[in-house]
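What follows is calculated from the coordinates using simple rules that are stated; it is not laboratory data. It should be emphasised that the depicted structure is a prediction, and the values quoted were computed from it without experimental measurement. Using ideal geometry, Cβ is built from the backbone for each residue, glycine included, and neighbour counts are taken over all protein chains shown.
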Amino acid sequence: MSFSDGEKYFIENVYTQRYLFQDGPKIKGDRGSEGGWLASSGFESPKCVGADANYYNRACWRFLPQGDDKYLIENIETERYLFQDGPKIKGERGDEGGWLARSGFEAPKCVGADADYYNRAYWKIEPQGDKYLIVNVETERYLFQDGPEIKGKRGDEGGWLASSGFEAPRCIGTDVSYYDRAYWKILKQPH
């Protein structure tokens, strides 16, 4: 599948049925003006989570081709790039043994950054039959969805923040697709 620049997509986790979703404000100023993605840069980039619905168009993404089969994945509402924090995987896939701190390694988060710092906003899309692995080029980590499957209809959770009564689970980067949680559907949306 080819992803056209400017087309709008939902990125839905196969296991949880949640949409990749961008929290936080729209970027201000030029790309890179936030100076980084960590709080130490003066601005902590907002997290990416898995939401049960497309609240305020924050689950809409576009794929911006960058050559060599890599993409920037940009949130349409916030104009932030999907970005992978944390170290490159070491050893074989699966050596980290899980994604939670109790496994001995807590998987790094995915955030929305205003620019591509250190090539961490570049992704490759690897077809796996009717689903995809979304792989960070720099860290070699898979985009991964933590948390429960959605229950009921889309939108029943009422939002993505804890104030809605349910805090949407985080998106992280893992070394393997534990429990098939790194498989995604990429669903083209009408304009």
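Tell me the trypsin sites (Lys or Arg not before Pro) within segment 1-105 that lie in a loop according to DSSP and have at most 15 other beta-carbon atoms within 10 Å. Kindly include the intermediate steps, with their values, before the conclusion.
Values: sites: LYS8, ARG18, LYS26, LYS28, ARG31, LYS47, ARG58, ARG62, LYS70, ARG80, LYS88, LYS90, ARG93, ARG102; in loops: ARG18, LYS26, LYS28, ARG31, ARG58, ARG80, LYS88, LYS90, ARG93.
Answer by residue number: LYS26, LYS28, ARG31, LYS88, LYS90, ARG93.
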_With θ taken as phi - 60° and the coefficients 6.51, -1.76 and 1.60, list the Karplus ³J(HN,Hα) couplings across segment 151-162 in order, rounded to whole Hz; mark glycine and proline as x._
10, x, 8, 4, x, 5, 6, x, x, 10, 9, 4
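In segment 99-160, which GluC sites (Glu not before Pro) are in a loop and have at most 12 other Cβ atoms within 10 Å, using DSSP for the loop call?
Loop-located and lightly packed - GLU149.
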*Identify which of ASN54, ASN13, ASN136 has the largest mean-square fluctuation in a Gaussian network model of the chain, with springs joining Cα atoms closer than 10 Å.*
ASN54
*asked:* If you wrap a convex hull around the alpha carbons of segment 9-188, what volume per residue comes out, as a whole number of Å³?
replied: 127 Å³
*From the phi of every residue in segment 169-175, what ³J(HN,Hα) in whole Hz does the Karplus formula 6.51 cos²θ - 1.76 cosθ + 1.60 yield, where θ is phi - 60° and glycine or proline is x?*
x, 7, 9, 9, x, 10, 7
_Under 10 Å, Cα contacts only: if you run a Gaussian network model on the chain, which one of ASP69, ASP52, ASP146 comes out with the highest mean-square fluctuation?_
ASP69
_From the phi angles alone, apply the Karplus equation (6.51, -1.76, 1.60; θ = phi - 60°) to segment 58-67 and give each ³J(HN,Hα) in whole Hz, x where the residue is Gly or Pro._
7, 9, 9, 10, 10, 9, 9, x, 10, x
*Rank TYR55, TYR81, TYR71 by mean-square fluctuation in a GNM of the chain with C-alpha springs under 10 angstrom and give only the top-ranked residue.*
TYR55
_Relative contact order (percent, whole number), segment 4-130, Cα cutoff 8 Å, 6+ residue spacing_ = 27 percent
*State which entries of LYS88/LYS151; LYS47/LYS185; LYS47/LYS124; LYS88/LYS131 exceed 28 angstrom in Cα-Cα distance in the structure shown.*
LYS88/LYS151
